[in-house]
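Enquirer: Here it is, the structure in full.
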Amino acid sequence: MRHVFNVRGGAGDLTKPDVNTRIQDNLYLAVNSEWLSKAEIPADRTSTGVNLILDMKIEDRMMKDFADFASGKKDVPAVKNLQKSVDLYKLAIDFGKRNKDQAKPIQKDLEKLASLKDFADLNKQAAELVQAGFDFPIEAFVSEDMKDTSHYSLYLNGSGTFLPDTTAYQTPDAEKLLDTLAKQSVELFKKAGVDEDRAKQWTKDGLSFDRKLSKVVKSAEEWADYAGMYNAISLADFENKFDQFDIHAFLEKLFEKLPENVVMAETRFFDKINEVLNEDNFDEIKGWMLVKFINSAAGYLSQDFRKAAFPFRQAVYGVAEMPSQEKHAYRLADASFDEVDGIYYGQTYFGEDAKNDVISMIKNMLKVYEERIQNNTWLSDDTKKQAIVKLKALKLKVGYPEKQQAIFDRLQVDPTKSLYENEVKITQEKIKYNFEKLNQPVDSSVWAMAGNLNNACYDPQNNDLTFPAGILQAPFYDAKQSRGANYGGIGATIGHEVSHAFDNNGAQFDEKGNLKNWWTDEDYAEFNKRTKAVADIFDGLQYGPAKLNGKQVVSENIADLSGLSCAVDANKLDHGDMQDLFKTYAKSWMQKQRPEAITAEVQSDVHAPQPTRVNIPSQCQDAFYEAFDVKETDGMWLDPKDRIQIW
């Protein structure tokens, strides 16, 4: 490993452990090789690592509690609407009833789709189908208007494809994966009582339409440009784009009062809409809706249906086994009542003392960030002033929300109905709730994440930071570990999320969350130059079977770089051990993945794979070279001119 210097990402292959690796040559491998050489990926998972171990710890706690609630071993706590989540869990875990019912619960909905006669019939029923929760080529959702976050706007885009991303259709594995999906879909249709010829035709038509969609909907790289989805257009001009599909009648049925303007999240899709939604394509559209339906519905039916719906996921992600029935049941309940379950988790396993300590760390990090902006050498005073205004306006959401969204009061669970019927009703109510927001005032108190998630986020339209209780535990945060370790864990995470306020997407929004330019032209040109350098340093980086797309992952990598820089400075002020910081930072991204999962993630995720997020950000910190006495001949060396600093 010696004499290979100025290597982006360090010397060596991150997927191949080497316990003899020096930190000076490859920080990630030096810290994690011993674990990597022994780690085994659970059969029902795509990977293992620090985040998965934490996810499993949270999930195990919650699964045990839900099993105890369901059996009566423990009383359900007085958390509003938690009983509903437990009731849904009981339905999901009752495989006796699910196996007895087989395909019976879905027959009515299957027939509804199967009986669509022609394009005129689809035109007539489209809105009703969307309200009922069926997949449709056009997706509508209500969210804050990017240019005026005090009110909601209607956003429209194309549906997602069967493969993880549009780019997956150009890969050598595409046909093999689609063939697996085709066989799986035919088998599911047959189990639901559809004759084989009809099942094969629906599937063939559905896959044909999906290929057409893949040519016009956005790729993951395009979606990574968050502000790029804001394309406001008058309702009249939007409706004029449609030749054969009655978009006016469609929207009129979905919304009590139509807005004057809508937002096209995908311009190419709607520019090509008449090539997608037309009479000639009717059979393919119908087949696509049926394939989407049967594969989605299978998860709510018998164990046989679950097994029959597994091969495609297995092929795409390389998972060896399905999740157990207990995990499956808990995950279904949690998906429907996530905020409710998160409040229970936060109240039970987090607490006020930890919350107050984390808030103090966040405030320390914000002070450091302000100083870094003040001392920035490439920003003008005007832009610095606006950046600090935005920084000071950041809202903090730590642990779990104090109040629930009203939607959970509206959701009902009927123990006399099947799991599928209950899930459909819940989906329909959530769709209705979202659509009703269009003419209501914006509620900025809503949390973007549930309290039982091991995750964190920045919302540019609310200018807020969310740190759920799930992530606020070791190794990211522990009152008993060193300050340096805490800064390398939760400190870098806090810095990462703050940095999203100033990444290539966040930098386009002001302190109120409005899409607004607050930069001088010269500053923004320099910022874009530095952004391009981040994209370039990651672009083409080999990780296992895949190469990274630098543009696709650039915003997350800007946040990694800036967040680590901020954590380093905060650690200096707190006199924390710098070696502890970098070692914990490397450990916090420890991960072992199946090759198939790596390929799927690199195709579709705006985050780079976790191991690739350690070495380059560390290589860009002067403190790393000082802490470990890294020399020009070492694998982790990057020339000072190649070290990227943004914030």
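Enquirer: At a Förster distance of 30 Å, what's the computed FRET efficiency of His607 paired with Glu321, Cβ-Cβ distance as r, to 0.05?
Expert: Calculated value: 0.75.
Enquirer: Using only the alpha-carbon atoms of the stretch 502-603 as identical scatterers, what base-10 log of I(q)/I(0) does the Debye formula give at q = 0.17, 0.21, 0.25 Å⁻¹?
Expert: -1.00, -1.14, -1.24
Enquirer: Separate question: Determine the relative contact order of the chain: mean sequence separation of Cα pairs under 8 Å and six or more apart, normalised by residue count, in whole percent.
Expert: The value is 24 percent.
Enquirer: Could you let me know the centre-to-centre spacing of the stretch 404-419 and the stretch 55-111, using Cα atoms, in angstrom?
Expert: First find each Cα centre; the distance between them is then 12 Å.
Enquirer: Taking the Cα-to-Cβ direction at Gln412 and at Asp381 and moving 7 Å from each Cα, how far apart do the two end points lie in nm?
Expert: A separation of 6.4 nm, rounded to one decimal place.
Enquirer: When the accessible area of the stretch 525-647 is split by element with a 1.4 Å probe, what percent falls to carbon and sulfur? Each step should come with its number before you reach the end.
Expert: Details: 2140 of 4350 Å².
Carbon and sulfur atoms account for 49 percent of the accessible area of the stretch 525-647.
Enquirer: Filter the chymotrypsin sites (Phe, Trp or Tyr not before Pro) in the stretch 358-419 down to the DSSP loop ones having no more than 13 other Cβ atoms within 10 Å, then list what survives.
Expert: Details: sites: Tyr369, Trp378, Phe408; in loops: Trp378.
Qualifying residues, ordered by number: Trp378.
Enquirer: Express the accessible area of the chain per residue in Å², computed with a 1.4 Å probe while the remaining protein chains stay in the model.
Expert: On the way: 26750 Å² over 647 residues.
Heavy-atom accessible area per residue stands at 41 Å².
Enquirer: Sticking with this structure for a sec: Quick one: angle between helix 119-131 and the longest Cα principal axis of the chain, in degrees between 0 and 90, rounded to 10, please.
Expert: Rounded to the nearest ten degrees, it is 60.
Enquirer: Just to confirm a number: summing +1 for Lys and Arg and -1 for Asp and Glu over residues other than Glu511 whose beta-carbon lies under 9 angstrom from that of Glu511, what do you get?
Expert: +2
Enquirer: Kirkwood Rh and Cα-based Rg: tell me the resulting Rg over Rh for the stretch 401-518, rounded to two decimals.
Expert: Result: Rg/Rh = 1.08.
Enquirer: What is the set of long-range amide H partners of Lys395 at a cut-off below 5 Å, with H atoms built 1.01 Å from backbone N?
Expert: Distant-sequence amide H within range of Lys395: Asp464, Leu465.
Enquirer: Moving to a separate point now. Can you give the extra length, in nm with one decimal, that the chain gains between Arg61 and Gln347 once fully stretched, where that is 0.36 nm per residue apart less the Cα-Cα distance?
Expert: 101.6 nm
Enquirer: If you wrap a convex hull around the C-alpha atoms of the chain and split its volume per residue, what is the figure in Å³?
Expert: Here the figure is 150 Å³ per residue.
Enquirer: If you look at just the Cα atoms of the stretch 182-328, how large are its Rg and its Dmax in Å?
Expert: Every Cα atom of the stretch 182-328 included, Rg and Dmax give 18.8, 51 Å.
Enquirer: Taking all protein chains together and a probe of 1.4 Å, list Glu239, Glu222 from the most accessible to the least accessible.
Expert: Glu222, Glu239
Enquirer: What does the net charge come to around Glu187 if you take all other residues with beta carbon closer than 12 Å to its beta carbon, with K and R at +1 and D and E at -1?
Expert: Surrounding charge for Glu187 is +3.
Enquirer: Rounded to the nearest Å, what's the spacing between the alpha carbon centres of the stretch 17-31 and the stretch 288-340? Just the number, please.
Expert: Using only Cα atoms, the two centres lie 38 Å from each other.
Enquirer: Determine the equivalent ellipsoid of the stretch 39-118 by diagonalising the alpha-carbon gyration tensor, then write out the semi-axes as square roots of 5 times the eigenvalues, largest first, rounded to whole Å.
Expert: On the way: eigenvalues 207, 103, 34 Å².
Each semi-axis is the square root of five times an eigenvalue, giving 32, 23, 13 Å.
Enquirer: Let me ask you something else. Quick check: residue separation of Asn274 and Lys572 times 0.36 nm, minus the Cα distance between them. What number comes out in nm?
Expert: Gain in length upon complete extension: 101.4 nm.
Enquirer: Now for a separate question. Roughly speaking, what % of Cα-Cα pairs in the stretch 311-435 are separated by over 20 Å, rounded to a whole number? Let's see the in-between values first.
Expert: Values: 5237 of 7750 pairs.
More than 20 Å apart: 68 percent of the Cα pairs in the stretch 311-435.
Enquirer: Now for a separate question. Which of Phe270, Gly287, Gln303 sits farthest toward the positive end of the charge dipole of the stretch 262-320, with +1 on the Cβ of Lys and Arg and -1 on the Cβ of Asp and Glu?
Expert: Positive-end residue among those listed: Gln303.
Enquirer: Which of the GluC sites (Glu not before Pro) found in the stretch 311-406 are in a DSSP loop and have at most 15 neighbouring Cβ atoms, other than their own, within 10 Å? Mind showing how you got there, number by number?
Expert: On the way: sites: Glu321, Glu326, Glu339, Glu352, Glu370, Glu371, Glu402; in loops: Glu321, Glu402.
Hits after loop and neighbour filter: Glu321, Glu402.
Enquirer: Could I ask something else about it? Sort 205-216, 482-493 by the packing proxy (mean of other Cβ within 10 Å over each peptide's residues), most packed first.
Expert: Working: 205-216: 19.3, 482-493: 26.7.
In decreasing order of mean packing, 205-216, 482-493 become 482-493, 205-216.
Enquirer: Would you mind getting the Kirkwood hydrodynamic radius of the stretch 147-226 from its Cα pairs, rounded to one decimal in Å?
Expert: Details: mean 1/r = 0.0676 Å⁻¹.
Kirkwood hydrodynamic radius for the stretch 147-226: 14.8 Å.
The values are calculated or read from the model by the stated rules, or taken from the named source; none is laboratory data. The model shown is predicted, which means the values in this text are computed figures rather than measured ones. Virtual Cβ from ideal backbone geometry, glycine too; neighbours counted across all protein chains shown. The protein model used for the area step is the full one, side chains on, heavy atoms only, and it has no ligands, DNA or RNA in it. Shrake-Rupley method; radii C 1.70, N 1.55, O 1.52, S 1.80 Å.
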